[in-house]
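The values are calculated or read from the model by the stated rules, or taken from the named source; none is laboratory data. The structure presented is a predicted model; accordingly, all values stated were derived computationally and were not measured. Here Cβ is always computed from backbone atoms with ideal geometry, including for glycine, and neighbour counts include all displayed protein chains.
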Amino acid sequence: MDEADSGSGRVVLITGAASGIGEAAAHAFAGRGWTVALGDVDEERLRSTEEAIREAGGSAAGIAVDVRDRSSVDGLVSAVIHRFGGLDAVCPNAGIGFAERPFEQTAEDVDALLEVNLRGVIYLLLAAVPHVREGGAIVITASTSGLLAHEGGAIYAATKIALIGLGRSLAIELAPRSIRVNMVCPGAVNTPMIRSVWGSEDEARRALDEYAQGNPLGRFAEPEDVARAIVFLASPGARHITGVSLRVDGGDGLMGAV
Ligand code: NAD
């Protein structure tokens, strides 16, 4: 491992860390020596992720949080700072998906997407940015839905393109502190979120296989594929990269207007 990519002595805070991409990122950071603070609303899965990282020899602390609630997010960041003193990376990753359907969502669906996917990220960054050490990094989990048109997912897409705008502007604002801000934009990733869109495991497997057939690299992503990109962007080895939206989509975006 390049010394610039070693996480020894570094602290990262990841939300949505109890499942899917966040869980894979937590393991990937811990495997490179980072101390990992995990935030998630699902306390049971949070505990099992924390235990699994510790059993693998990593350093992890799980803290329950609901990113829709500003005081809960402030509490998460205070607890992490109290325990670890500062932050070298922040990964706002908690998010919810959508059932593909025409543009006729209920007010509840709209609010849920905006509250978790957009407001939750803003709350986390408002609380955490003052504690990010010089030379640190922020990696926001956006989506190719923020870069490409996605029929049936307009509101989800609106939250993800908003995150890209947020991240780009913060990249300029935080550059004087040598803090980099980047976005990962996954295509379809094999996680509970995407599987829940299809009801049964069989249907999910069929839909993912169909997706893979239309993908330039002929596959869909596993959470670890996205985790590797997150760790790279968070690491000092990416020291001259800021404000980018990195597609992790096996080339899907090459066929659209990115
Ligand atoms: P996932 O459902 O496996 O994990 C999401 C995690 O976020 C869960 O552990 C959940 O408990 C947590 N969470 C949800 N609401 C929360 C809240 N209010 N407060 C705190 N935690 C909360 O999903 P995933 O696929 O790993 O998604 C992670 C991120 O990746 C999301 O932002 C999602 O939009 C994005 N993404 C996913 C895909 C995909 O195909 N799976 C593609 C592009 C982008």
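Listed values, structure above:
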| quantity | calculated |
| --- | --- |
| The lone exception for A229 - which of (1) in a loop (DSSP other than H, G, I, E, B); (2) of a type in the set (A, V, I, L, M); (3) under 17 Å from the mean Cα position of the chain (by Cα) it fails | (1) |
| From A149, A175, A234, A154, residue being in contact with a Cys (Cβ under 8 Å, 6 or more places away or on another chain), among the aliphatic types (A, V, I, L, M) and away from the ligand (no atom under 14 Å from the Cβ) | A234 |
| Region 163-197 - residue that is assigned to a helix (DSSP H, G or I) and among the β-branched types (V, I, T) and, of those, surrounded by the fewest Cβ atoms within 10 Å (Cβ to Cβ) | I172 |
| Scope region 36-71; condition assigned to a helix (DSSP H, G or I) and surrounded by fewer than 18 Cβ atoms within 10 Å (Cβ to Cβ); matching residues | E43, E44, R45, R47, S48, E51, A52, R54, E55, R70, S71 |
| Checking A52 against (1) modelled with pLDDT under 95; (2) within 15 Å of the ligand (Cβ to nearest atom), the condition it does not meet | (1) |
| In region 1-35, residue nearest to V67 (Cα to Cα) [restricted to those that are part of a loop (DSSP other than H, G, I, E, B) and of a type in the set (D, E, K, R)] | R10 |
| Cβ pairs under 8 Å, 6+ apart, first in region 217-243 and in contact (Cβ under 8 Å) with a residue 12 or more places away in the chain and of a type in the set (K, R), second surrounded by 15 or more Cβ atoms within 10 Å (Cβ to Cβ) and part of a loop (DSSP other than H, G, I, E, B) | R219/G250 |
| Flag for V12 being among the hydrophobic types (A, V, I, L, M, F, W, C), under 22 Å from E134 (Cβ atoms) and touching an Asp or Glu at 6+ places or on another chain (Cβ under 8 Å) | yes |
| Leading residue by the ranking (farthest from the chain's Cα centre (by Cα)) among those in region 141-156 that are over 16 Å from V244 (Cα atoms) and in a helix (DSSP H, G or I) | A154 |
| Candidates A26, A18 - the one that is more than 9 Å from the ligand (Cβ to nearest atom) and either more than 21 Å from G136 (Cα to Cα) or of a type in the set (A, V, I, L, M, F, W, C) (or both) | A26 |
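For (1) touching a residue at least 12 places away in the same chain (Cβ under 8 Å); (2) within 9 Å of the ligand (Cβ to nearest atom); (3) of a type in the set (S, T, N, Q); (4) surrounded by fewer than 23 Cβ atoms within 10 Å (Cβ to Cβ), each residue gets a yes or a no:
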position	(1), (2), (3), (4)
D88	yes, no, no, no
N93	yes, yes, yes, no
F103	yes, no, no, yes
D111	no, no, no, yes
L114	yes, no, no, yes
I122	yes, no, no, yes
V139	yes, no, no, no
S143	yes, yes, yes, no
I161	yes, no, no, yes
